[in-house]
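Note sheet for the following structure.
The values are calculated or read from the model by the stated rules, or taken from the named source; none is laboratory data. Since the structure is predicted, the reported quantities are computational estimates derived from the model, not experimental observations. Glycine also receives a Cβ, built like all others from the backbone with ideal geometry; neighbour counts cover every protein chain displayed. Side chains are part of the model used for accessible areas, which takes the heavy atoms of the whole protein and leaves out ligands, DNA and RNA. Shrake-Rupley method; radii C 1.70, N 1.55, O 1.52, S 1.80 Å.
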Amino acid sequence: MENLAITINKPLLTNDVIVELFDGIYNIHDDGINHLHLHNSLTFNGKSDTRFNFQNSEKSSLIFHFSAGSYDKKLIFNNIKFYDFDGSQYENSSLFPGGPEDRTDRYTIEFNNCEFYNIKGIVLNINIICLKLFQSYHQDSLYNSINLVHCFLLEYHNCYFNNIKMFGELLNGDVAIYDSYITNVYGTEEFPGTIIHSSAVNNKVIIKNTKIIDNIVTLNRPFFDLLGTSLEIEDSVFKNCYSYANYLINTSGRDKASIDNPNIIISNTEFNNINTLVDGVANSIKITGSKFHNITSKSVLFNSSISTIYAENSEFSNIM
């Protein structure tokens, strides 16, 4: 795939592009030239055994630039295995880095039936800050820490992750993980969250019908670090998940979080052999139809002050 950017960028100027791939290994070029400019939507369609080999190099990143005016444009990967990316010697090194030219556009990135192996870096780090059409970017970061117009959506459907450093940082936007399996995520000192660090109020993280199993983080980092971000966990399993931080989720709730408007919703989910689940302040947590067994904790299952916790039709046992 030496001429990947040259081949794709020209037709992307005027049309949506669909790239049909064959089974086999595609070596991603490692000279830092993989810059793709999305003036329109781009889709990569793999087959049953299509593989992107990043050749254990940081310079093999696929770098995406959402061009100005790319409103409602999509970047989609179907049926592709991504493996052997090594950005361990560089801070914030990412398999898919990128960003927008215009902060008032809207974008979607989807991974469908994809697999990720041996990613020594961040899977996806798209630096998007959502602004309303007539809102200006402000130098004060607190001014930009409210997701006013959900302009970015990242979705994983039926994906598999094994031996991953970190999923990524969510500046403004929503992340949804459906029907997936996550194991051996080990974290980084660069970000306060191991799987997802969400740094804007009104962001949303959804985990549905997903198994998060056998993840041991030997850093003082939780799995999720969420600022004013809503978290929904449904029909999922957390098993054998531990962090040296002694809790899995660090979150501070929204100002208007309440039992009628919870910032954390857990339904029909099993937690077995984990740390404290939630550490934080000003949270509203609603739990239905879930099971909590064999919780090892230095404090309690939920260590959240000034908070409300509501649980119904749920099991709690062997909480130490």
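Some notes on this structure:
- Identity of the residue in region 206-223, under 13 Å from the mean Cα position of the chain (by Cα) and surrounded by 23 or more Cβ atoms within 10 Å (Cβ to Cβ), that ends up farthest from Asn118 (Cα to Cα): Ile207
- Some residue of region 9-25 being within 18 Å of Lys165 (Cα to Cα) and without any contact (Cβ under 8 Å) to a residue 40 or more places away in the chain: no
- Restricting attention to region 39-86, the residues that are over 17 Å from Lys10 (Cα atoms), within 20 Å of the chain's Cα centre (by Cα), of a type outside the set (D, E, K, R) and surrounded by fewer than 18 Cβ atoms within 10 Å (Cβ to Cβ) total 1.
- Selection status of Asp30, within 25 Å of the chain's Cα centre (by Cα), open to solvent by 30 Å² or more (accessible area, probe 1.4 Å) and more than 28 Å from Ala68 (Cβ to Cβ): yes
- Subset of region 10-60 [in contact with a Lys or Arg (Cβ under 9 Å, 6 or more places away or on another chain), among the aliphatic types (A, V, I, L, M) and modelled with pLDDT of 95 or more]: Leu21, Ile25, Leu42
- For region 265-275, the tally of residues that are modelled with pLDDT of 95 or more and open to solvent by less than 40 Å² (accessible area, probe 1.4 Å) stands at 6.
- Residues of region 140-164 satisfying the condition of being of a type outside the set (Asp, Glu) and at pLDDT 95 or above: Tyr156, His157, Asn158, Cys159, Tyr160, Phe161, Asn162, Asn163, Ile164
- Any hit, region 243-264, residues being buried (at least 19 other Cβ atoms within 10 Å of the Cβ), modelled with pLDDT of 95 or more and over 21 Å from Phe191 (Cβ atoms): no
- Scanning region 163-183 for residues that are polar (S, T, N, Q) and either in a strand (DSSP E or B) or out of contact with any Ser or Thr (no Cβ under 6 Å at 6 or more places or on another chain) (or both) returns Asn163, Asn172, Thr183.
- Pro192 falls short on exactly one of the conditions (1) buried (at least 23 other Cβ atoms within 10 Å of the Cβ); (2) of a type outside the set (Gly, Ala, Ser); (3) under 19 Å from the mean Cα position of the chain (by Cα), and that condition is (1).
- So Ile285, is it open to solvent by less than 10 Å² (accessible area, probe 1.4 Å), under 21 Å from Ser180 (Cα atoms) and either under 23 Å from the mean Cα position of the chain (by Cα) or of a type in the set (A, V, I, L, M) (or both): no
- His39 touching a helix residue (DSSP H, G or I) at 6+ places or on another chain (Cβ under 6 Å) and of a type outside the set (Val, Ile, Thr): yes
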